[in-house]
Every structure is written in structure tokens, then in C-alpha cells.
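Read the structure below first, then the notes.
Every number here is computed from the coordinates shown, using simple stated rules; none is lab data. Worth saying up front: this structure is predicted, and the values here are computed from it rather than measured. Cβ atoms come from the backbone with ideal geometry, glycine included; neighbour counts cover every protein chain shown.
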Amino acid sequence: MEAAAQTILSNAGLLLSEEYRLLSGVGGDVAELRDDMATMNALLRMQSEAEDGAVDHFVREWMKQLRELAYDAEDCVDRYVLRIKSRPNDGVRAWLERLLGTLLSRRRLACEISALRARAITISERHAQYGISREALRRSPAALSAPPPVSVSAAASLSSGHALRRASDDGAEAEHHHVVGIAGQADSLADTVKAPSVVEQDRSLKVFSVVGFGGVGKTTLAMEVCRRLEAEFQRQAMVSVSQAFEVGKDLKALLKRVLQQVVKDKTGNERGIKEEGNLDGIDKLNHTELATKLNDCLKDKRYLIVIDDVWTIRAWDAIQSVLPENNCDSRIIVTTRIDTVAKACSPAIVRGHYIHHMKPLELEDSKKLFLSRAFGSVDAKYSEELEDVIGNILKKCGGLPLAIVSIANVLAGYISSENKEKWETICRSIGTQMERNPTLEGMKHIVTLSYNHLPYELKSCMMYLSIFPEDYEINKDRLLGRWIAEGLVPEKRGLSLMEVAESYFDDLASRNMIELCFSVDGKVESCRVHDMLLEVMVSKSLECNFASLLGGQYVGMSYDRIRRLSIHGDNRSPLSTKQSKKKVGHVIEGMDVEHVRSLSLFHLVGHKLLDHLDKFTLLRVLDLEDCEGLTNYHMRYICMMYLLKFLSLKGTGISEVPSQVGKLEHLQILDTRHTGLGGLPKTVTNLEKLERLQFYSKLGWYVMWRLPRGLKRMKALRVVNNAILENNIEVAQEIGELEELQELTLYIDSGSIGDNTQVLEELAASLSKTYSLRSLNIGDLGWTKILKFLHSLPMPPRLLRYLRITGDMGGHLPKWIGSLTYLVEAVISWVDLSDDEPFGVLCKLPKLKSIVMERRYYTGDTLVARTSHNFPVLVNLTMTCDTPSHNPTPKVFEFEEKAMSKLERLNLRFHKYEKSIKGIEHLTNLREVIIAGTNNNPSVKHALEQLKAERGRRPESSRFQVSFRYE
């Protein structure tokens with residue numbers, strides 16, 4: 001939310017350039033304004049880090065004014081860049097023409113700067129007039145140290161054993177200690193906790209971590225495990241840790257609570273003997289003395305202590321240092337929302353430590369929990385009219401027990417069929433309900449805690465996710481590119497902006513604030529946001545005018561000044577889509593879009609807004625992915641958006657990009673995948689700041705971007721895909737001048753090059769210079785043996801993580817592949833290898849995890865993975881043949897002992913050919929085998945029977961899954 005004030009500090013320097021000093025006095029005003037922005041940024045940061053309860057309505061309004069001033073100041077800088085600043089390629093004449101032609105604009109801008117400066121002074125005076133203190137913006141230690149206002153906090157004061165049992169409104173459930181939806185997880189964790197160490201005679205203290213998002217049931221699970229293991233442990237305790245745990249102050253209180261639970265009167269036990277503990281003078285002891293007393297009490301006792309809701313590694317280190325270490329098979333259970341904290345608490349399974357990742361409730365269990373709370377019984381009868389609404393509510397809750405219980409409690413008073421409309425209203429407006437309904441305050445607080453705990457820089461990145469619709473799968477590269485283009489990612493010494501953005505993404509994933517989505521090969525491709533967390537992010541975003549949402553569930557919303565505009569369609573039904581488009585279109589016509597810096601359209605077939613793109617003069621981000629209404633006509637407007645940094649045309653119907661695209665001098669990302677383009681204009685070489693150029697045509701895989709002369713000007717390029725190298729020596733040389741290049745997909749037009757070996761020699765030299773290259777996908781467009789030039793690379797790109805070769809290299813892989821010590825995945829096709837290749841070359845790679853071979857990859861009948869190959873970390877092997885027109889060999893896949901001992905996933909394609917597998921018993925670590933082929937292929941049936949027999953011979957813990965994919 002403070003991105004505007006943060007970005008202004010770097011952008012304001014533009015206004016202090018010599019050319020702008022020609023307007024007397026303006027330079028001083030700009031310098032003053034820049035200082036004002038620095039102060040505003042500091043204040044906005046303090047508000048971001050302050051407790052919600054520490055900021056009253058007057059402070060919020062004052063902060064809103066500061067924020068809008070910061071945005072307006074940034075707009076002022078953008079208009080300077082757009083209308084006044086000289087272009088990098090301007091000559092003297094162009095510079096003079098711009099200087100004279102922009103005189104009026106300069107004077108107008110000078111007035112704007114003076115007005116902004118006056119507003120800053122007025123806001124400052126208002127601050128002084130109402131006596132707003134900076135202390136109000138500081139974190140409140142008292143508020144932070146208080147436990148969350150839910151039943152979990154009460155558990156800290158409960159005694160162990162019987163007191164840890166889950167409270168239930170239903171007598172039968174209480175009698176059987178039933179916990180809806182997590183019984184299976186409780187069984188698994190309880191068995192693991194009580195199990196003896198894997199190391200014989202090791203009875204030392206073990207730590208078990210339960211990790212998951214707030215409200216997913218970590219505390220309930222820990223309490224249930226304690227209840228089930230009451231007879232296994234002589235002492236139990238459970239304590240909660242505050243979000244702002246301070247060692248000097250809070251450690252003493254934590255030890256005191258543990259002592260109060262383990263040193264206690266214990267009457268009526270199985271022996272009928274009264275055990276008494278002495279807590280006299282406990283309040284006078286310091287934390288060292290308390291730790292000593294705790295150690296004395298537990299030194300010969302088997303104990304189980306739950307440390308609930310640990311937020312930092314520092315807090316855990318302090319707590320762990322005072323917990324008694326004995327040789328009685330004692331256990332600690334830690335609950336946390338953060339993966340890195342869980343790993344710090346339980347760093348090694350070999351030592352008997354264990355991390356349990358909390359799973360959301362399945363739909364059936366979610367419904368049982370909802371019915372038990374809303375209707376009083378899991379078997380309750382209710383009106384069929386409510387069935388769809390219940391389904392929508394449970395979908396929003398996403399298996400989060402806290403959300404299910406909270407919303408069910410709200411609806412418990414409206415269970416008749418006449419109240420269906422009330423249910424639909426609450427389901428549709430859960431974000432608003434959390435703001436004003438006391439029953440949902442606890443849920444909002446728990447969910448918001450994770451956001452409040454984020455570092456300052458990550459809060460804007462997390463709030464940015466409010467732009468995307470519910471259940472939307474957000475591509476990782478797309479998100480990171482947008483973060484950077486919006487100025488949400490600061491520069492850090494020694495790191496690129498993309499590396500910083502990736503660290504932010506990983507941090508949010510570690511905190512379980514985003515759910516990662518993986519590709520088939522295990523790479524993180526995208527992420528999702530839980531609906532409940534998204535509701536909180538939308539509320540915060542709307543509150544501080546971070547983003548404006550229209551369409552879908554936001555139809556009817558109106559906004560004053562828009563900074564980021566996100567328009568949602570409705571993909572649920574044609575009728576609702578049509579109505580949504582009509583309503584949104586009507587709103588757009590009278591909307592002020594002059595200040596919009598980001599425009600995103602989701603699930604829209606077409607929109608009137610596209611005809612008014614010329615009004616979005618200050619856009620930095622234009623994301624039109626899958627917007628079917630975009631035409632070539634609209635492209636002329638887009639090519640006039642000179643401030644654009646991110647442009648996605650992916651999935652649109654355009655068939656031409658005008659040459660004027662070369663004027664978008666600030667463009668960093670251009671995505672034209674899955675369009676009808678036949679190529680790109682040569683003027684793209686003018687985009688000197690372009691980092692990612694993605695091209696893929698719907699016209700056919702062979703339609704690509706033909707690399708033009710002048711490529712060397714694009715010094716910032718990091719990613720280039722689907723490019724063709726023709727018979728051009730100069731272009732082949734220029735590839736080597738792209739020093740930042742990290743990903744390259746390049747096909748060689750062998751028909752164009754013919755016998756011109758100089759082009760290939762220059763390309764080989766260029767590839768040897770691409771020191772930053774991490775991914776190389778190279779192929780022969782003419783299916784000749786032109787790729788033989790790869791054998792003569794002076795020096796291979798040493799940092800390659802991914803290598804794909806498509807084409808014949810003379811029947812052998814280049815020897816330098818064996819030196820790629822960082823290579824993780826290798827893909828080969830049309831290479832026609834023989835003998836011990838490819839395994840004989842690839843087995844030398846220490847980090848190779850995945851091999852994919854397809855389409856004429858081998859000419860022999862039997863492909864053998866030999867004992868001598870011994871792949872150290874290979875986990876995935878895919879071998880496929882193609883259609884009948886291609887070579888169906890090999891016929892036998894053979895695995896010798898210890899050749900691929902780490903292999904987990906084997907994917908074989910038989911098609912209609914006779915094939916067989918030998919040595920499957922030597923793949924001792926298999927988890928999954930997939931066989932693809934025709935249904936009437938006898939060899940497929942034999943292979944499946946063979947695999948099932950081998951699976952049956954293995955211990956249950958070592959059995960692999962067998963799947964058949966019909967072709």
C-alpha cells in the first residue's frame with residue numbers, strides 16, 4: 001500500500017535533471033517534494049507495521065491523505081517522463097524540438113509540483129493541528145504479546161491430560177472425543193509421536209512440528225494428540241507463544257505456565273496416591289531459576305509439551321534452550337504457520353524429528369462440521385434449497401475448520417428455507433461480514449495475523465494478489481514480472497530484481513500464505529490464494545485504495561480515483577457474464593482512468609473498455625491474457641502507452657504487432673504466446689530494457705520469431721523463446737552479446753543456412769559466451785544433421801540447469817554434456833543414439849533429476865541402464881515412442897542392479913508396439929510407474945501384470961503405484 005511513496009524516491013530524481021532546471025525554482029520544489037515523500041514513506045511504513053488496534057480513525061484518514069498525495073506525486077513524475085523528458089535516441093534537433101514543443105507542458109507541470117508541495121504542507125499542518133503522535137503508529141507491545149482472542153489462548157492456562165480434551169457442544173461427540181475431519185491426521189501423528197526412535201536405545205527428547213495456515217486446525221490436532229497419548233506420558237503441558245515473543249520478558253511467563261501445568265496436585269490417579277507440587281515463590285524466580293526448577297521436576301519424567309503458534313526461529317531457539325533434556329523418550333510438539341520455523345524446530349528425520357503438514361478438511365468432513373455447527377447435528381435434515389448455498393460456502397471455506405465453524409455459527413440462527421436469501425448474501429459478502437459481524441471477528445483476526453507478521457516489503461506483494469479473482473491460478477513468472485513492473489520489489493545489492501522477487505515468492509510460500517501449484521516435472525508453475533485470505537486482502541486493498549475491482553462479485557462498486565483497475569468477468573454462466581459485462585461497461589463510460597497504472601482483465605470475452613485504451617496514459621502494467629475481444633485495431637492504442645513495463649497479450653486473437661511497439665522504451669516483459677502472430681516487427685530491437693520476450697503462435701509450432709539484426713541492442717534480455725536463426729552471420733554473433741540471457745529456445749533454419757558453416761561456427765562461439773544461461777532448448781527446424789556443430793562448442797554454458805536438444809548430432813551426444821555439473825533436467829528427441837548412449841553420458845551428472853527421451857531417441861533394440869551408470873539423484877525417467885511413422889525402438893527397457901536406485905517415477909510409452917521391461921525389481925525406490933499404449937496391445941497387458949506382481953512382492957511401505965494411460 002506504500003508502494004507509491006517508496007517508488008517516488010527513485011523516480012523523483014528524474015525531475016532534477018539539467019533539462020528541467022530550465023524552469024526556475026522548480027528544481028527546489030521537487031527536492032522539497034522528494035524529502036516530503038521520504039517522510040511520508042516512513043510514516044506509511046510505521047502504519048503498516050502498527051497493530052490494527054493502535055491506529056484510530058483520525059490516523060487512518062491522515063494516512064489515506066498521505067498515500068493519495070504519494071500516488072499523485074508519482075503520477076506527476078510519470079507525466080514528466082511521458083511528455084517532457086528527452087528520449088535516449090533523441091539527437092540535438094529532436095532535443096530542441098521537444099524543449100520548445102513542451103514549454104506549455106513544463107509550465108503546467110511546474111504548477112502541479114507547486115500544488116503537490118502545498119498539499120504536503122497542508123497535510124503536515126493538519127497532523128500538527130490534531131496532535132497525531134508517532135507513538136500511535138508504533139507497535140503496541142501489550143497488544144502484540146496478548147494471545148489471539150479465540151479459544152486457543154485459553155489452552156495455555158489449562159492443565160495437562162484431561163483438560164486438553166476438545167470441548168464439544170454435542171454430548172455424544174464429547175463422550176467419544178470425536179474431532180470432525182482430523183481423526184486420521186490425529187491417528188497418524190499420535191502413532192509417530194509415541195513410536196520409539198529409529199536409532200536403537202535412543203530415548204532423547206524429540207521434536208515434532210505441525211505446520212499450516214492459520215485456522216487449519218493445528219492447535220486442535222495437537223490437543224487431540226495429547227488427549228490420545230495421555231496414558232503414554234507422565235506429564236503434559238500446552239503453552240501459546242505470542243507473535244512478538246521477546247526473550248527477556250516473555251520466556252519467564254512461558255516457563256511459569258509450563259510449571260503450573262506439570263507441577264500440580266494430582267489426585268484420584270490409578271494408585272489413589274496424592275502427588276503434590278510446590279509452586280511457592282514461583283513469581284519471584286527469574287527465567288534461569290524457573291528453568292532449573294522445571295528441569296528438576298521433569299528430569300526423570302516422560303513428558304509431552306505443546307508449544308503452540310511459534311512465529312520465529314529466534315523464539316524457538318530461546319524456548320528450546322530451557323526445555324529439560326532427559327533420557328525418558330520425552331516429546332515436544334510445535335505448531336507454526338511457517339515452514340522455515342518448522343524445519344528449524346525439527347531439522348532432521350534421522351534424529352527422530354518429524355514435520356506434519358496440516359491438510360485442509362475434505363469436502364465430506366467439511367460438510368459434517370458445518371452441519372454440526374449450523375444445525376446441531378452431522379445428520380441434520382435441511383431444505384434442499386440450501387444445498388447449493390452450502391456448497392458455495394464450503395468452497396469458499398476451502399477446508400479451513402475455523403472458517404467453517406465461524407460462518408456456520410453466523411448462519412445457525414437462519415436455518416429455515418425462508419432464509420435462503422440471507423445465506424446467499426452472507427456467502428457473497430464474507431469480506432464485508434468479517435468487518436462488522438462480531439461472530440466472524442475471531443476468524444478475521446486469526447487470518448490477519450499472518451499478514452501483519454509479514455516484513456514491510458512483502459505486504460504490498462501479498463496485497464497485490466487481491467487483483468486476481470477467486471480460485472484463479474496465478475502463473476509465477478507472470479506474478480513476479482508484475483511485482484517488478486509495479487515497483488513493489490526494491491533493488492538489493494548483489495541481486496537482480498527477479499532474484500529478489502523470487503525470494504519474496506518463496507517467503508510467502510514458506511509462510512503458507514500462498515498454495516503452490518506444481519507442473520508434472522515437479523517445478524513450481526503457479527500459486528493460489530485461499531478464499532478467506534483473499535477476502536482479507538481485498539478488504540485491506542479497498543481500504544487503502546491499492547486496487548479497484550469491478551465485475552463478477554464486485555458489480556456495482558464505484559471508486560473515486562483509481563490506481564490499479566482489475567475487471568473480473570463471470571465464467572459461471574452465460575447469463576451472469578452478459579449482465580456483468582453490461583453493468584461494468586456502463587460504469588466504465590463515466591470513469592476517470594487518467595491515474596490508472598495497472599489494468600487487468602479476467603474471464604472476459606470482450607469489453608467496451610478496450611475501445612478506450614487511449615485514455616490510459618499512465619499505464620505501467622497491461623495484462624490482457626485470454627481477453628478474446630482484443631483486436632489488431634486496439635494495438636495502435638497499446639503502442640502509444642510509452643510508460644508500459646509489462647504487456648501480456650497471451651491468449652488473445654491478435655495477428656499483428658505494429659512496428660510502433662519499438663517506441664515502448666520502458667517495456668520489460670512482452671508476452672505474445674498463444675496468439676495468431678506470424679512473427680514480430682524488427683523494431684522490437686529498440687526495446688533496450690526488455691527482459692522477457694515470449695512468443696508462441698497458434699498457427700503452428702514451427703511459426704516463430706525470426707531473429708533480426710540489431711539484437712545486440714537488447715542488452716537486458718533474460719528470456720527468449722521460440723526464435724529462429726536464419727542464414728545471418730551477424731545475428732549469430734549478436735547472440736553472444738546478450739550477457740544477461742538466462743533462457744533461450746532457438747531453432748536453426750537448416751534449409752536457409754545450407755552449407756554455410758560460418759553461421760554455425762559463430763553460433764557455437766556465441767553459445768560459449770552466454771555465461772548466465774540456465775536453460776537452453778535448441779533444435780533443427782529442417783531435421784538434418786546440422787546440430788553436429790554442438791560437438792565443437794569452445795566452452796559449454798557451465799551453469800545450465802535445463803537442456804533440450806531436438807535433432808540429429810551424428811548419433812552421439814556432445815562430450816561436454818558430462819561436464820554440466822548443475823544440470824537438473826535433460827530432454828532429447830530425434831537424436832538417433834545407439835549403444836550405451838544416452839545413459840553413458842548423462843550418468844556423470846551429479847544433480848540430474850529428470851531425463852525425458854522422445855521421438856527417435858534410440859536406434860537399438862535394447863536400452864540398458866547399467867550398474868556402471870549409477871545415477872546419483874535421478875528421480876524421473878520418461879521414454880516415449882511416437883506415431884507409427886517413426887522408429888518404434890527400443891523394444892526392451894532394461895535396468896541393472898543399482899543403476900537407478902533413486903528413481904521414483906518411470907513413464908514408458910508402448911503405443912501399439914511390442915515392448916517389454918526387464919529388471920524392474922532393481923528400481924527399489926519406485927513410487928509410480930505409468931504405461932501408455934493402445935488398449936489391444938498384448939505387451940502392455942503383460943507389462944502391467946508384471947508390474948502389479950512386483951508391487952505385490954514389496955513391503956507395503958515400498959509399494960509403487962501403477963497407472964495405464966490409454967492412447
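Applying a 10 Å radius around every beta-carbon, put 293-299, 947-953 in order of their mean neighbour count, most first.
Final packing ranking: 293-299, 947-953.
I need the trypsin sites (Lys or Arg not before Pro) found in the range 437-520, filtered to DSSP loop residues with at most 16 other beta carbons within 10 Å of theirs.
Those that pass, being in a loop and sparsely packed, are R493.
Near the amide H of L833, under 5 Å away, which other amide H atoms are found, from residues 5 or more places off or on another chain, if H is placed in the peptide plane?
Answer set, sorted by chain and number: Y858, T859.
Label points 7 Å out from Cα along the Cβ direction at S377 and S558: separation in nm?
With each label placed 7 Å out from Cα toward Cβ, I get 5.0 nm.
So how much slack lies between E230 and H942, counting 0.36 nm per residue of separation and subtracting their Cα-Cα distance, in nm?
So the chain would gain 251.1 nm between E230 and H942.
State the extension gain, in nm to one decimal, for the chain segment bounded by D283 and E543, taking 0.36 nm per residue of separation less the distance between their alpha-carbons.
Taking D283 through E543 to full extension adds about 89.1 nm, to one decimal.
Extending each Cα 7 Å along its Cβ direction at A38 and A412, get the distance between those two points in nm, one decimal.
In this crude label model, A38 to A412 measures out at 5.6 nm.
Please identify the chymotrypsin sites (Phe, Trp or Tyr not before Pro) of the range 730-818 that satisfy two criteria: DSSP loop assignment and at most 16 other Cβ atoms within 10 Å. Which are they?
Working: sites: Y747, Y771, W783, F789, Y802, W816; in loops: Y771, W783.
Listed in order of number, the matching sites are Y771, W783.
Cα gyration tensor of the range 449-494, axes a ≥ b ≥ c as square roots of the eigenvalues: rounded (a/c below 1.5), prolate (a/b > b/c) or oblate?
oblate
Excluding S496 itself, what net charge comes from residues whose Cβ is under 13 Å from its Cβ, given Lys and Arg +1 and Asp and Glu -1?
Counting the neighbours of S496, the net charge comes to -1.
For the ranges 653-660, 665-672, what's the packing order if you count other beta-carbon atoms within 10 Å of each residue, average per peptide, and put the highest first?
In decreasing order of mean packing, 653-660, 665-672 become 665-672, 653-660.
Starting from the 7 Å offset along Cα-to-Cβ, what nm value, one decimal, do you get for the label separation of E362 and K785?
Going from the E362 label point to the K785 one covers 5.8 nm.
Taking the Cα centre of the range 337-473 as origin, work out the dipole magnitude from +1 charges on Lys and Arg Cβ and -1 charges on Asp and Glu Cβ, in debye rounded to 20.
Its charge dipole is roughly 620 debye.
Give me the net charge for the shell around S366: Cβ to Cβ below 15 angstrom, other residues only, Lys and Arg +1, Asp and Glu -1.
+1
Could you tally up the Lys pairs in the range 682-736 with alpha carbons closer than 20 Å? Skip any pair fewer than 8 positions apart unless they're on separate chains.
Close lysine pairs under the 20 Å cut-off: 4.
Would you mind getting me the FRET efficiency between H445 and T292? Use the beta-carbon distance for r and R0 = 30 Å, nearest 0.05.
0.25
State the extension gain, in nm to one decimal, for the chain segment bounded by K891 and K912, taking 0.36 nm per residue of separation less the distance between their alpha-carbons.
In short, 6.4 nm is gained.
Under a Cβ-Cβ cut-off of 9 Å, what is the net charge of the residues other than Q733 that fall near it, where Lys and Arg count +1 and Asp and Glu count -1?
Charge balance in the 9 Å sphere: -3.
Pop the C-beta distance of E421 and A509 into the FRET formula with R0 = 41 Å and round what comes out to the nearest 0.05.
On the way: r = 39 Å, r/R0 = 0.95.
The calculated FRET efficiency here is 0.60.
Does the range 811-967 come out rounded, prolate or oblate, given a ≥ b ≥ c as the square roots of the eigenvalues of its C-alpha gyration tensor, rounded meaning a/c under 1.5 and, failing that, prolate meaning a/b above b/c?
oblate
With respect to the cross-link table entries K249/K359; K459/K663; K218/K256; K218/K476, which display a Cα-Cα separation exceeding 30 Å?
K249/K359; K459/K663
List the residues, sorted by chain then number, that are 5 or more residues from N721 or on another chain and whose placed amide H is less than 5 Å from its amide H.
Excluding prolines and chain starts, which carry no amide H, the hits are L693, F695, T745.
Cα to Cα, under 28 Å, and not fewer than 8 places away if on the same chain: which lysines meet these conditions relative to K891?
By straight Cα distance, K891 reaches K785, K788, K815, K844, K849, K902, K912, K915, K918, K941, K948.
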